[in-house]
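Some notes on the structure that comes next.
The values are calculated or read from the model by the stated rules, or taken from the named source; none is laboratory data. If you're wondering where the values come from, they're calculated on a predicted model, not measured in any experiment. Please note: Cβ atoms are built from the backbone with ideal geometry, for glycine as well, and neighbour counts cover all protein chains shown.
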Amino acid sequence: MVELINHGVYLLNGSEITTEPQSITPDEAREQTITYGILRAHDVDGSKGKKMRIRFDAMASHDITYVGIIQTARASGLEKFPLPYAMTNCHNSLCAVGGTINEDDHVFGLSAAKKYGGVYVPANQAVIHQYVREAMAACGNMLLGSDSHTRYGSLGNMGVGEGGGELVKQLLKNTWDINAPEVVLVWLEGAPKKGIGPHDVAISLVKATFENGFVKNKVLEFAGPGVKNLPIDFRNGIDIMTTETTCLSSIWITDEEVRHHYTIHNRPSAYRELKPGATAYYDAMIRIDLSKQEAMIALPFHPSNACTIHELQQDPIGILKKVEEDAKERFGSKVDVHLTDKVRNGKVYADQGIIAGCSGGTYDNLSAAAAILKGKSIGKDYFTASAYPQSTPVYLATTRNGIAEELLEAGVVIKPAFCGPCFGAGDVPANNGLSIRHTTRNFPNREGSKPGQGQLSLVALMDARSIAATAANGGVITAATDIDYTDNHKPYEFDGRIYERRVFDGYGHEQPNEELRYGPNIKDWPTMYPMEENMLLELAAVIHDPVTTTDELIPSGETSSYRSNPLKLSEFALSRRVPEYVGISKRIQQQDLERRKGTCPANIAEALKKVGATVENTSFGSCLFANKPGDGSAREQAASCQKVLGGDANICYEYATKRYRSNCINWGIVPFTIAADTPFEYQSGDMVYVPGIRKAILEGKEEIDAKMITKQGVSDIHLYFRNLTADERQILADGCLMNYYKNKK
């Protein structure tokens, strides 16, 4: 289904693939990709060099992130939004959670949209990415979002998901700085058979590319004869999941299907044809034969842990046993997982089916699911099902065209637009429950369970069609390719009157005298100190998991209610992975405060004595070690919570994503790495002394010798901090992005 070609190829006239040398060099031919055409148009330097400084056309955030972004920008001198900035309310929409604090955030968001000239989308009107698809995307544009699934390449609009600090930079007319990326051609051939949906293709793509890092920090460019065989919702469903490959962004060729999308959304001028030049060079290639695609299931605990549904049916005990073993390794004796209990008479039974969010709640997915379930019932047993149309216009179309009626008659509960099931704030399954979901992720705890309290439920990702087939089969996991159905529903027609009547669009009409409206949970950032000449770090957590997700660094779910309160939210840092981290970090932070007041704690003095150093000009902070941290969400709180607790640095072999590394930098956390062959056999409580770190960073150095201080003695360690821009070095020296902007005034 998916073939990886790990060498450069040329695409000639958009149709012929060759490895033969051409009359122009690969670097010259890379400029003829759609990717480089868009990136160069947004590079303020215009030099066609190896570095790019990008300004975006628009931005979008949701209610987990926009309060912190605006608070940071306000503290840094924000006067008005210099570009269209949409604030949607699709994550903290359950206003019963946490008392008034979620709705307080929403009121703050509307007041900010009025004051600074923004776009405000009220709760349950649309999930963030669907609103952008319907109202903001445009061919050839670039959009920056504070959500990792910021992807609109299928609509000809490059989307990038980053932490809040990068959005603050755009609000202050700064740039997003990147190395000129490699581009990977995703060549689509054939047409999917009946019963295959976008999640099947997406899961296969993630399975093929995630673990090996084949497309990490590269741009995926989709082309080929198979594109024309995919409706726009199908393309969107694949595109949104490219985030799980760890690619930088995505872009597709555009055609009449894309033109039709913009036409029915009353924005025909947003369309233009995008295609590669006559000779375009790609650094690698992925070939996908859509006709060979099978119905897929991604098992816990990652979208890449996938197999075909038929493979699961053939060996259910063997496959599910591996998941149980993985859970035991991750959580130890805290949880008791019995996933193999879901196998009865050789069949795997699910407990819950969910179709939701930016990937699942599309009109076409709901239409197909309704066609499969028409005249049937999900039953009266333990299996339950919910569907979340991804926007009010989509919801309205499902009611007008009989889709909602057929789903409701089958026993499916229909709920308003909400991202909650994607991150553990809605439809949390029962303990040991197996939920099959057409959502974006199935990371540990992302469904809302709390392993630290002995709770664990499990999520498998499937396409909406196979979820509906499973529901129609009494919860027995079933591939939609194995059933017969006919979808006779009308094509989607967009009705924008709901947005016209409910969405506040103040771009270009800022009201400086409007007062921001605060609630008791909306707090300013605490004081962040500039970097001192030398750095003493204590390891507050050491994690040797292959990958550490942002959900583990700062849990999703109900904790999102506290994301406007930095101190309160920091209490949850690593709470589901290293529960003792917060207490250790607070103790380190308190000792640093004592040092700053002139009383040096004995453990600091003793450690510095071992390396022949003194306390003068030496900071003391906490440090996290993880093999590969930061996979998953773009939310900056994974880094800011470390900083609020006194974190000064991270050490790892590599960062899972650029966005998490950027978040660390913007919050003044030095992103150290060590060589792949360097063993890290230290533990919590051991210390790292980094002499002359401030000077090294400001002078452009990229590595430094440091000392490990343990009970056994002192040893050497070599640390790297490569690929930092001049601005990033100054941000680290100043202590964080806010300090950087304050110092520039």
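Observations
- Per the listing L78, L110, the residue uniquely surrounded by fewer than 24 Cβ atoms within 10 Å (Cβ to Cβ) and within 29 Å of A356 (Cα to Cα) is L110.
Matching residues to (1) of a type outside the set (S, T, Y); (2) under 22 Å from the mean Cα position of the chain (by Cα):
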site	(1), (2)
Y66	no, yes
I69	yes, yes
R74	yes, no
L83	yes, no
L94	yes, yes
G98	yes, no
K115	yes, no
Y120	no, yes
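- Screening S585 with (1) touching a residue at least 24 places away in the same chain (Cβ under 8 Å); (2) on the phi > 0 side of the Ramachandran plot gives one miss only, at (2).
- Residues located in segment 128-160, provided they are more than 15 Å from the chain's Cα centre (by Cα) and of a type in the set (D, E): E134
- Pair list, Cβ under 7 Å, 6 or more apart: segment 179-208 residue touching a residue at least 24 places away in the same chain (Cβ under 8 Å) and on the phi > 0 side of the Ramachandran plot, other residue of a type outside the set (S, T, N, Q) and part of a strand (DSSP E or B): G190/D289
- Looking across segment 605-626, the residues that are in contact with an Asp or Glu (Cβ under 8 Å, 6 or more places away or on another chain) and not hydroxyl-bearing (S, T, Y) come down to N617, F620, G621, C623, A626.
- Looking only at segment 676-695, and only at residues there that are surrounded by 12 or more Cβ atoms within 10 Å (Cβ to Cβ) and within 29 Å of the chain's Cα centre (by Cα), the one that is nearest to A613 (Cα to Cα): S684
- Residue count for segment 551-601, restricted to those that are out of contact with any strand residue (DSSP E or B) (no Cβ under 6 Å at 6 or more places or on another chain), within 15 Å of L624 (Cβ to Cβ) and among the polar types (S, T, N, Q): 3
- Here R465 does not fit the description of being free of Cβ contacts under 8 Å to residues at least 40 places away in the same chain and more than 24 Å from S561 (Cα to Cα).
- Where A60 falls short, out of the listed (1) within 19 Å of I253 (Cβ to Cβ); (2) assigned to a strand (DSSP E or B): (1)
- Filtered by the rule that a residue be over 19 Å from F504 (Cα atoms), of a type in the set (K, R) and modelled with pLDDT of 95 or more, segment 54-95 gives a lone residue, R55.
- Residue within segment 188-208 that is of a type in the set (A, V, I, L, M, F, W, C), outside the structural domain of P303 (by TED's automatic domain parsing), under 30 Å from E28 (Cβ atoms) and touching a helix residue (DSSP H, G or I) at 6+ places or on another chain (Cβ under 6 Å) present: yes
- Restricting attention to segment 1-54, the residues that are touching a helix residue (DSSP H, G or I) at 6+ places or on another chain (Cβ under 9 Å), surrounded by fewer than 12 Cβ atoms within 10 Å (Cβ to Cβ) and under 20 Å from S250 (Cβ atoms) add up to 1.
- Residue ID - surrounded by the fewest Cβ atoms within 10 Å (Cβ to Cβ), chosen from residues in segment 85-102 that are in contact (Cβ under 8 Å) with a residue 40 or more places away in the chain and over 11 Å from S61 (Cβ atoms): T100
- Filter pass, T673 being under 26 Å from P444 (Cα atoms) and either touching a Lys or Arg at 6+ places or on another chain (Cβ under 6 Å) or without any contact (Cβ under 8 Å) to a residue 60 or more places away in the chain (or both): yes
- Unique match (being of a type in the set (V, I, T), over 23 Å from the mean Cα position of the chain (by Cα) and not in a helix (DSSP H, G or I)) among I319, I288: I288
- Per-region count, segment 697-712, residues free of Cβ contacts under 8 Å to residues at least 24 places away in the same chain and not basic (K, R): 7
- Boolean, Y655 is among the hydroxyl-bearing types (S, T, Y), touching a Ser or Thr at 6+ places or on another chain (Cβ under 9 Å), part of a loop (DSSP other than H, G, I, E, B) and free of Cβ contacts under 8 Å to residues at least 40 places away in the same chain: yes
Residue-by-condition table, conditions (1) surrounded by 18 or more Cβ atoms within 10 Å (Cβ to Cβ); (2) in contact (Cβ under 8 Å) with a residue 24 or more places away in the chain; (3) in contact with a Leu (Cβ under 8 Å, 6 or more places away or on another chain); (4) not in a loop (DSSP other than H, G, I, E, B):
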{"position": "D524", "(1), (2), (3), (4)": "no, yes, no, no"}
{"position": "E538", "(1), (2), (3), (4)": "yes, yes, no, yes"}
{"position": "D545", "(1), (2), (3), (4)": "no, yes, no, no"}
{"position": "E552", "(1), (2), (3), (4)": "yes, yes, yes, yes"}
{"position": "T559", "(1), (2), (3), (4)": "yes, no, yes, yes"}
{"position": "L567", "(1), (2), (3), (4)": "no, yes, no, yes"}
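- Residues in segment 14-33 that are over 14 Å from W187 (Cα atoms) and either assigned to a loop (DSSP other than H, G, I, E, B) or within 26 Å of the chain's Cα centre (by Cα) (or both): T19, E20, P21, Q22, S23, I24, T25, E31, Q32.
- Hits in segment 473-501 - residues which are part of a helix (DSSP H, G or I) and either crowded, with 24+ Cβ neighbours inside 10 Å or in contact with a strand residue (DSSP E or B) (Cβ under 9 Å, 6 or more places away or on another chain) (or both): A480, I498, Y499
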